[in-house]
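A short worksheet on the structure shown next.
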Amino acid sequence: METTLPLLIRFRKIALWEGASYLFLLFIAMPMKYFADFPVLVKYGGWVHGALFVAFSLYLLTLWVSLKWSFLRAAGMFLASLLPFGTFVTDKWVKAEIARLEN
């Protein structure tokens, strides 16, 4: 269990960055593309978000196996990442899991 704590801490950071990059795409990059004819933010922001989403998914899969999370818990975390603000909502649960593992 000691080796999963650093993974969970990194997962939390990646999840927060992934959520922030998603909000950046939705509320800054996309409006700039369509209303200001400035598509470069979508191009590079999309690359960053894609890389963060892949990292999020791989860490989620690793934690699902190593912490023996239920399918519903892992699927809920994944589905939350597809919704705006979803990773921020699930952050409270991840922080509680970190606190549980620290004790």
Fill in: Lys, Arg +1 and Asp, Glu -1 on Cβ, resulting dipole of the chain about Cα centre, debye, nearest 20
100
Worksheet entry | Cα→Cβ-extended label distance, 7 Å offset, between Leu79 and Trp93, nm | 1.0
Worksheet item: Mind ordering 5-15, 71-81 by average Cβ neighbours within 10 Å, highest first?
Response: 5-15, 71-81
Worksheet item: Using the Cβ atoms and a cut-off under 14 Å, what net charge is assigned to the surroundings of Ser21, where Lys and Arg are +1 and Asp and Glu are -1?
Response: +1
Worksheet item: How long, wide and thick is segment 4-102, going by the Cα atoms along their three principal axes, in whole angstroms, largest first?
Response: 47, 23, 20
Item to complete: Could you pull out the chymotrypsin sites (Phe, Trp or Tyr not before Pro) across segment 12-54 that fall in loop regions by DSSP (anything but H, G, I, E, B) with no more than 14 other Cβ atoms inside 10 Å?
Response: none
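Bear in mind that the values in this text are calculations on the coordinates, not laboratory data. Worth saying up front: this structure is predicted, and the values here are computed from it rather than measured. Positions of Cβ are generated from backbone atoms using ideal geometry, with glycine treated the same way; all protein chains shown enter the neighbour counts.
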